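Presented below is the structure to which this report refers.
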């Protein structure tokens with residue numbers, strides 16, 4: 001009696017970093033195809049697996065010693081940011097697992113404060129990961145490191161440098177278990193974007209070292225673009241046996257059959273070595289997407305993505321029916337094809353039952369009006385209670401009738417390629433849309449409670465500053481009307497600069513668009529977006545400046561300041577906007593609540609102690625104490641003399657003033673610590689009955705933007721909050737650096753009390769100043785009277801984050 005022959009196995013990998021909020025479609029779709037062909041399949045989404053481990057207590061604890069050791073090799077310009085991250089490390093390790101668990105629960109959608117708290121911890125953890133590797137800026141969309149994905153030599157260097165490459169470091173500690181399977185024959189790595197390339201080559205090298213007998217193949221959109229340039233054997237063949245261009249659903253089964261010797265039919269789109277330093281190419285073939293099986297998500301950790309889904313991807317079409325001048329999508333995706341709406345909806349219903357979800361996202365490059373009508377109709381007629389979103393374009397057919405059907409079918413977000421609100425610019429883009437259709441379509445969607453997301457582009461060659469501003473004005477108006485007029489708070493927008501893609505129509509014929517391409521630097525053989533100059537209109541620098549957020553202000557501006565405030569805020573993800581709309585939930589503030597506007601009255605007998613959860617970090621050289629306050633997401637910088645209060649306590653104010661050399665500056669620092677919640681009163685004794693003037697102590701801010709009229713944008717490095725202030729308010733802020741009385745401010749600003757008090761109230765309300773009341777005579781014995789405010793000048797006792 002014979003034994004059954006072992007079945008060969010294929011491993012499919014999605015490398016980091018791709019979308020960590022939901023699975024990428026490529027691996028589940030290829031897994032379904034391969035299982036149909038009789039292969040055993042292991043699916044591995046390393047984008048979520050590695051990121052999830054890095055942002056865990058175990059991962060961060062392993063990273064902390066690395067971050068500590070890096071202090072000695074950092075230049076002085078980077079030490080401040082590094083110290084801030086080290087200060088946040090212990091609290092982040094203690095809270096990260098609870099935060100991650102909260103972000104996977106549907107309950108968090110209707111609990112704004114829990115979301116904000118959890119998202120803040122995750123964001124701080126991203127800064128902690130960044131602190132552990134040279135040049136690393138780690139976030140959830142991609143990252144920058146000391147290696148460049150624009151250079152083959154740099155990518156290869158990263159692959160062999162686990163001590164400087166976060167992905168190589170993780171994979172050595174979190175090995176790929178599927179490689180232990182002796183039946184493994186093929187490992188396929190899908191590379192869709194340049195954010196994945198360094199990780200992909202690192203993984204390929206790791207596989208080849210562990211299992212040199214396994215055939216490694218690489219495919220995906222970026223792979224197609226990349227190998228189209230190669231004329232001879234490329235160094236990436238050191239770790240990759242073959243590459244597949246364009247679509248993989250027909251190519252991968254044929255390749256796998258050839259590897260195990262069961263069939264030797266041609267492999268569509270295959271690129272391999274000829275053994276003589278050259279390349280062998282097989283023409284690509286177009287896949288019949290109507291014959292594809294539904295995606296198979298078996299083996300993927302659907303409960304660990306960074307959103308409480310799972311939000312499953314699927315497609316109703318492939319490629320794009322248009323040929324916009326700025327876009328290279330048609331280059332790597334063959335011709336446009338549609339799936340039957342009934343087939344799409346059958347897949348949705350089956351996937352919902354198999355995976356316990358009711359939320360989906362269409363990853364089509366564009367859902368045509370035909371697709372939108374068909375999918376909506378099939379969902380309504382089938383009585384399905386499913387929710388979904390996708391991307392489309394403006395057109396006359398996007399009317400009230402279709403919008404009503406979209407809402408009834410479960411559509412809770414529609415992304416629209418607005419690009420510009422100027423017909424001349426749209427025509428230059430070859431966009432094929434009409435400005436006249438934009439506002440009627442928006443009114444139809446919002447009127448039927450379908451939130452919108454507007455993609456905008458600034459700086460397409462020939463666009464003027466006035467035209468760019470017209471688009472920005474429309475977007476601002478639409479977002480306001482969405483809330484105020486239609487009661488839809490979930491609409492969003494994104495505005496990015498024009499990027500010259502070398503494979504787009506502009507990149508292929510720049511002369512037709514008044515563009516001159518700036519050649520890439522030597523060695524940048526993988527550069528697909530290039531610098532450029534224009535003969536008229538906004539320059540590349542103008543477009544970058546107008547979309548960088550440098551002019552943003554107010555509560556919705558991107559955080560900046562402390563090192564961990566610069567990382568991506570996870571609520572920016574489209575999956576979160578969609579899920580909040582599905583739940584019809586109250587939106588979170590986007591950051592922790594600001595500190596209270598006032599502090600308790602202080603007298604000599606006031607007893608204080610460190611608040612729960614607060615930790616301190618003394619800078620090397622004992623010059624500065626950095627206080628991390630998790631409850632306010634703040635980093636407060638004070639003189640090192642405060643270490644005793646924050647380590648021991650409780651202390652009385654009188655005891656502090658005896659210990660510290662400059663009582664007035666020390667009191668200002670104490671007010672800041674109270675204001676941020678770093679210290680808390682234990683008991684209050686003494687006389688507070690007599691009148692005494694308010695004391696206004698400044699929080700350290702930096703000027704992010706100063707205007708000719710004297711007004712400016714203030715950014716707090718302690719909380720990341722931004723506040724725009726007038727010239728007079730700016731003067732009050734400067735004069736209150738170490739505290740100032742009302743009389744002293746009036747004398748120095750020459751402002752009447754009726755003008756000064758509203759300014760103070762506004763500055764206190766926005767967290768720029770803190771107000772406290774000091775008991776009469778508290779400082780009299782140590783500080784000479786100074787009615788003119790001379791003692792209000794900054795001193796060295798407080799080290800503000802300027």
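Just so it is clear, none of the values below were taken in a lab; they were calculated from the coordinates. These numbers were taken from a predicted model, which means no experiment stands behind them. Cβ placement follows ideal geometry from the backbone for every residue including glycine, while neighbour counts extend to all protein chains displayed.
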Expressed as a whole-number percentage, the relative contact order of the chain with C-alpha contacts under 8 angstrom and at least six residues apart is 11
Of all DSSP beta bridges with both partners in segment 310-499, the antiparallel percent, nearest 5, is 10
Given 416-423, 517-524, 384-391, the highest-first ranking by average Cβ count within 10 Å works out to 416-423, 384-391, 517-524
Taking alpha-carbon centroids only, segment 302-351 lies from segment 479-493 a number of Å equal to 26
Classified through the alpha carbon gyration tensor (a ≥ b ≥ c as square roots of its eigenvalues; rounded if a/c is under 1.5, else prolate when a/b is larger than b/c, else oblate), the chain comes out prolate
In deg cm²/dmol, rounded to the nearest 500, the helical mean residue ellipticity at 222 nm of the chain, built from -39500 (n - 2.57) for every DSSP H run of length 4 or more, is -10500 deg cm²/dmol
Note to self: C-alpha centroids of segment 163-237 and segment 423-464 sit apart, in Å, by 40
For segment 9-289 the mean separation of alpha carbon contacts under 8 Å (6+ apart) over residue count, i.e. relative contact order in percent, is 17
Of all DSSP beta bridges with both partners in the chain, the antiparallel percent, nearest 5, is 50
Sorted on mean Cβ neighbours within 10 Å (highest first), peptides 303-312, 167-176 come out as 303-312, 167-176
Of 571-578, 540-547, 216-223, ordering from highest average Cβ density within 10 Å down gives 216-223, 571-578, 540-547
Rounded to the nearest 10 degrees, the helix 369-381 long axis (Cα) sits at an angle to the longest Cα principal axis of the chain of 90
Scoring segment 310-499 by relative contact order with C-alpha pairs under 8 Å, at least six apart, yields a percentage of 19
quick note, segment 321-429, DSSP beta bridge pairs, % antiparallel (nearest 5) is 0
